[in-house]
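Step one of this worksheet: look at the structure below.
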Amino acid sequence: MQHTKFEVYEDQILSDICAVKVLSILLGKNLLPDRASDVCISDFMPEPAIAILQRVKILDEAGSYCDDFVKLYEKRGNSLNARVEFTLKSTLDFINFGESLFQDVEEFMGQSQVFSSFDYSKGFGSSPIDRSDTKKWCQYVSSLTELEAPKLVEFLLDCRQNKSDYVLEFGGNMGTFAEEICRQLDIKKYSIIDIPLVCEIGREQVARGPFAKKIEFSEGNMFLVAQSKEEIKKYNTIIFKSVLHDWPIHQVDELLGHVLSALSAGSRLLIFERCAFLNGNIRQPSFQDVSNLIFSPFYRDPHVYMDIIKSRFQDFRMEVAYTWIDMKWFMLTVERG
């Protein structure tokens, strides 16, 4: 899959730890282009910081923002900010607690800034702080999905998997993946199951776009929803994108068992996930690897999910296909035979 000019540019910026830190400082000073596109940053920052920003072509030789960076920020400002913050947290987690990551994952999760920021309990709260904290991690997930979704949907079409009239996505976050699917496929109804504040934030996000009448959000526990055969049978495509790795394998077994038991003939389950963090599944060395590395204990290859399904069912066809985005991804298609 080809990366666009701006995706390559964003990758280059985020692959430079020095540039990431300087961008974080500028964000804290309200000096990024949404507030200060017409200022000369060299009036506010010392020469070494300016040199770093010039090296990655954020600033021109005069110390002002390059046109390409202004355009990138107009398009991806909130998402870029989220990725900058997450990259710095991931780096500190790895530097400070990397030994725990490799030897005691539970200990690492207890120490990690990143894992503490993904506090799903806040998504059930009602305070302004609960909403603000939930929106932060929703925005980070969305910042990645904005880049992943066009490639995954193109991948879906390349594999001739485009029969999706009624779609149910478990854990669809703010609806970014849903919007891309609606943009490229003929969708009559797209339902997202997620926790309450995520659904509230998602509704607001989708209401500003062209697919507000097609995409709906329902607050719910996906394990309970999966047990409702009547609910599952309403849809001809069930999607899990970057969700199953969040859960222990015994809960994944339970979840997939319920969904597939209810799946109607001619319907299908689609699982999109990063492959296991192994040699052959990661690209050439990049500083951005750290953002995936801290989740590496949880990524699984598709055979893990295929083995679960085979152990429960004999009447499903399974097909796996692979693509590359930030690392190797897979799409597992499961259909009743």
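The values are calculated or read from the model by the stated rules, or taken from the named source; none is laboratory data. As the structure is a computational prediction, the values presented were derived from the model and not from experiment. Here Cβ is always computed from backbone atoms with ideal geometry, including for glycine, and neighbour counts include all displayed protein chains. Surface areas here come from the heavy atoms of the whole protein model, side chains and all, with no ligands, DNA or RNA. Shrake-Rupley method; radii C 1.70, N 1.55, O 1.52, S 1.80 Å.
Just a few scattered comments:
- Failed item in (1) farther than 26 Å from residue 329 by Cα; (2) touching a helix residue (DSSP H, G or I) at 6+ places or on another chain (Cβ under 9 Å), with residue 213 passing the rest: (2)
- No other residue among 122, 188 is without any contact (Cβ under 8 Å) to a residue 40 or more places away in the chain and either basic (Lys, Arg) or on the phi > 0 side of the Ramachandran plot (or both) apart from 188.
- Whichever residue in the stretch 92-129 is hydroxyl-bearing (Ser, Thr, Tyr) and out of contact with any helix residue (DSSP H, G or I) (no Cβ under 7 Å at 6 or more places or on another chain) and, among such residues, is most open to solvent (accessible area, probe 1.4 Å): 126
- The residue that is farthest from residue 261 (Cα to Cα), counting only those in the stretch 204-221 that are among the hydrophobic types (A, V, I, L, M, F, W, C) and buried (at least 18 other Cβ atoms within 10 Å of the Cβ), is 206.
- In the stretch 172-191, the qualifying residues are those that are hydrophobic (A, V, I, L, M, F, W, C) and not in a loop (DSSP other than H, G, I, E, B), and the one that is surrounded by the most Cβ atoms within 10 Å (Cβ to Cβ) is 178.
- Selection of first residues in the stretch 96-113 that are over 18 Å from residue 248 (Cα atoms) and without any contact (Cβ under 8 Å) to a residue 24 or more places away in the chain and of second residues that are of a type outside the set (S, T, N, Q) and open to solvent by 40 Å² or more (accessible area, probe 1.4 Å), restricted to Cβ pairs under 7 Å at least 6 apart or on distinct chains, gives the following pairs, ordered by first then second residue: 100/107; 111/97.
- Matching residues, the stretch 130-169, being outside any helix (DSSP H, G or I), open to solvent by less than 10 Å² (accessible area, probe 1.4 Å) and under 22 Å from residue 323 (Cα atoms): 164, 169
- Test: residue in the stretch 313-328 that is over 24 Å from the mean Cα position of the chain (by Cα), basic (Lys, Arg), assigned to a helix (DSSP H, G or I) and surrounded by fewer than 17 Cβ atoms within 10 Å (Cβ to Cβ): no
- Every residue from the stretch 61-88 that is loosely packed, with under 15 Cβ neighbours inside 10 Å and part of a loop (DSSP other than H, G, I, E, B): 61, 62
- Any hit, the stretch 268-280, residues being assigned to a helix (DSSP H, G or I) and polar (S, T, N, Q): no
- Selection within the stretch 124-174: residues that are acidic (Asp, Glu) and more than 12 Å from residue 241 (Cα to Cα). The member of this set that is nearest to the chain's Cα centre (by Cα) is 146.
- Whenever a residue of the stretch 10-39 is without any contact (Cβ under 8 Å) to a residue 24 or more places away in the chain and farther than 19 Å from residue 68 by Cβ, its partners that are assigned to a loop (DSSP other than H, G, I, E, B) and open to solvent by 60 Å² or more (accessible area, probe 1.4 Å), lying with C-beta atoms within less than 8 angstrom and at least six residues away or across chains, give the pairs 29/44.
- Between 291, 267, the distinction of being within 17 Å of residue 101 (Cβ to Cβ) and in contact (Cβ under 8 Å) with a residue 12 or more places away in the chain belongs to 291 only.
- Any hit, the stretch 212-219, residues being modelled with pLDDT under 95 and among the hydrophobic types (A, V, I, L, M, F, W, C): no
- In the stretch 227-241, residue farthest from the chain's Cα centre (by Cα) [restricted to those that are assigned to a loop (DSSP other than H, G, I, E, B) and touching a residue at least 60 places away in the same chain (Cβ under 8 Å)]: 234
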